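What follows is calculated from the coordinates using simple rules that are stated; it is not laboratory data. These figures come from a predicted structure and were not determined experimentally. Cβ: placed from backbone, ideal geometry, glycine included. Neighbour counts: every protein chain shown.
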């Protein structure tokens, strides 16, 4: 599949994730965008600082970081994202959630091309 088709499938899954979060009856979830695109230069700088990896899927627009608010409270803990992460992984076998990484990154959602 071409990169543009992978990006299209990725964005459709992001839309499904946002819709899912918006329609949760038990919790008041709100999402805001943190980062979709990252330049290769920024990815290299992040890797050098230890806060990312050089070959980040953000550089291909196949990863997104989302900010989560539950009942108006900004949440940064990976545990708060677990329901969204499980939903995300269920959308496609190509989707990975950062909460499963060896160094958990709960607000990160990506697609392996």
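Evaluate segment 42-55: report whether one residue or more is farther than 23 Å from residue 4 by Cβ and in contact (Cβ under 8 Å) with a residue 24 or more places away in the chain. Looking through segment 42-55, none of the residues is farther than 23 Å from residue 4 by Cβ and in contact (Cβ under 8 Å) with a residue 24 or more places away in the chain.
Could you list, in sequence order, the residues of segment 97-111 that are more than 18 Å from residue 31 (Cα to Cα), in contact (Cβ under 8 Å) with a residue 12 or more places away in the chain and surrounded by fewer than 22 Cβ atoms within 10 Å (Cβ to Cβ)? If you could, list the steps in order and put the result at the bottom.
Keep residues of segment 97-111 that are more than 18 Å from residue 31 (Cα to Cα), which gives 100-104, 111.
Subsequent filtering for residues that are in contact (Cβ under 8 Å) with a residue 12 or more places away in the chain retains 100, 104, 111.
Of everything in segment 97-111, those that are more than 18 Å from residue 31 (Cα to Cα), in contact (Cβ under 8 Å) with a residue 12 or more places away in the chain and surrounded by fewer than 22 Cβ atoms within 10 Å (Cβ to Cβ) turn out to be 100, 104.
Residues of segment 7-23 being touching a residue at least 12 places away in the same chain (Cβ under 8 Å) and either surrounded by fewer than 13 Cβ atoms within 10 Å (Cβ to Cβ) or touching a helix residue (DSSP H, G or I) at 6+ places or on another chain (Cβ under 8 Å) (or both), which ones?
Narrowing segment 7-23 to residues touching a residue at least 12 places away in the same chain (Cβ under 8 Å): 7, 9-10, 13-14, 16-18, 20-21.
Within segment 7-23, 7, 13, 16, 17, 20, 21 meet the criteria.
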